[in-house]
1. Sequence-distant or interchain residues sharing an amide H contact under 5 Å with Met76, placed H: which?
2. Output ³J(HN,Hα) for region 140-151: one whole-Hz value per residue in order, computed from phi by the Karplus curve 6.51 cos²θ - 1.76 cosθ + 1.60 with θ = phi - 60°, and x for Gly and Pro.
3. Within 9 Å, Cβ to Cβ, of Val200, how many net charges do the neighbouring residues add up to if Lys/Arg are +1 and Asp/Glu are -1?
4. Cα to Cα, under 16 Å, and not fewer than 8 places away if on the same chain: which lysines meet these conditions relative to Lys151?
5. How much accessible area per residue does the chain have, counting only protein heavy atoms and a probe of 1.4 Å, in square angstrom?
6. Can you tell me which of 194-206, 21-33 comes out highest on packing, and rank the rest after it, using the mean Cβ neighbours within 10 Å?
7. Using a 7 Å offset from the Cα along the Cα-to-Cβ direction at both Ala216 and Ser186, what is the distance between the two label points in nm, to one decimal?
8. Using θ = phi - 60° and the Karplus curve 6.51 cos²θ - 1.76 cosθ + 1.60, what whole-Hz ³J(HN,Hα) does each residue of region 206-222 get, with Gly and Pro shown as x?
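The values are calculated or read from the model by the stated rules, or taken from the named source; none is laboratory data. Predicted model, so just to flag it, every value in this text is computed and none were measured. A quick note on method: Cβ atoms are made from the backbone with ideal geometry, for glycine too, and the neighbour counts reach across all protein chains shown. The area values use the complete protein model at the heavy-atom level, side chains included, leaving out ligands, DNA and RNA. Shrake-Rupley method; radii C 1.70, N 1.55, O 1.52, S 1.80 Å.
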Amino acid sequence: MKILIIEDDRAISRAIAAALGSRYAFDQAFDGEEGLFFAQQNVYDLVVLDIMLPALDGYGVLERLRADGMDTPVLMLTAKNARNDRVRGLQLGADDYLAKPFDRDELVLRVEAIIRRSMGVRTLDAFGFRGLTLDPNTRRAAVDGAPVVLKGKQYDVLEYLVSHEGQLVSKTQLFDRVWGFMNDTSSNVVEVYVSALRKVLKEHGYDRFLKTIRGAGYVWTDDDGL
C-alpha cells in the first residue's frame with residue numbers, strides 16, 4: 001500500500017516517513033502544487049496532508065482532489081487545532097484530523113484505522129480495455145469473459161499499466177507502485193514480471209498492446225506506431 005505525504009517541513013515529513021515506512025511505501029511532496037500533481041498522476045491508498053503549505057494550501061489541495069472525483073482517504077495534519085479548522089477540513093472531505101505536534105504511535109494507528117475503514121467500505125469499479133476487464137475488488141482479469149490466469153504480482157502490474165493507458169510508465173515507477181521503493185528486491189524484477197505477463201496475454205491475443213519503449217519503460221496502448 002502506498003501513501004502520499006504532503007508536508008513542507010522536511011523534518012516533519014521525514015518523521016512521518018520514518019513512522020510509516022516500515023508498513024507502507026510512500027512519496028513525499030513539499031508544497032501544495034507538487035502534492036496535487038503527485039495525487040493526480042499516481043494511485044495512493046492515503047494522503048497525509050498538511051494545511052499550511054506554500055504554493056497551494058492543504059484546503060485547496062483537498063478541494064481540488066474532491067472536485068476531480070478522487071475519493072482517496074485524507075488525513076489532515078496541521079499545527080492548527082481550532083474547531084473551525086477541523087470542521088472546514090472535514091466539510092471539504094477529509095477523513096480524519098491530527099494536530100501537530102503528534103504522537104508517532106497515534107499517527108500510525110490513525111493511518112491504519114483510515115485505511116481499514118476505506119478498504120472495508122470502498123468498492124472499486126471494474127474497468128478494462130476492449131474485451132479485457134479488470135476487477136480491483138477480486139483482483140481477477142478476463143478477456144471476453146474467459147479468465148486470465150495471473151500469478152503473484154502480475155495482476156498488479158497489469159492493472160497499473162491498463163489504468164495508465166497511453167502513458168509512458170517507467171520501470172522505476174512501476175517498481176515503486178507495485179513493490180514499494182523501500183523493497184529490498186531489485187528493480188530488475190519488473191522486467192521478469194512484464195515478460196511473464198506478456199506470455200500470459202499472448203494466449204488471449206493481448207500481448208500486442210503492451211509496448212516496451214527501450215530505455216524508457218512501458219506503454220499500454222493500441223497505437224501500432226509505438
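1. Close amide H contacts, sequence-distant or interchain: Leu49, Asp95, Asp96, Tyr97, Leu98.
2. Taking θ as phi minus 60°, the curve returns 10, 10, 8, 10, 6, x, 8, x, 9, 7, 10, 10 Hz for region 140-151.
3. Value of the local net charge: +2.
4. Of all the lysines, those that pass the test against Lys151 - Cα under 16 Å, at least 8 places apart if same chain - are Lys199, Lys202.
5. Numbers: 11610 Å² over 226 residues.
For the chain, the solvent-accessible area averages 51 Å² per residue.
6. Ranked by mean Cβ neighbours within 10 Å, highest first: 21-33, 194-206.
7. Label at Ala216, label at Ser186, 2.6 nm between them.
8. Result, ordered by residue: 10, 5, 5, 8, 9, 9, 9, 9, 3, x, 10, x, 9, 9, 9, 7, 9 Hz.
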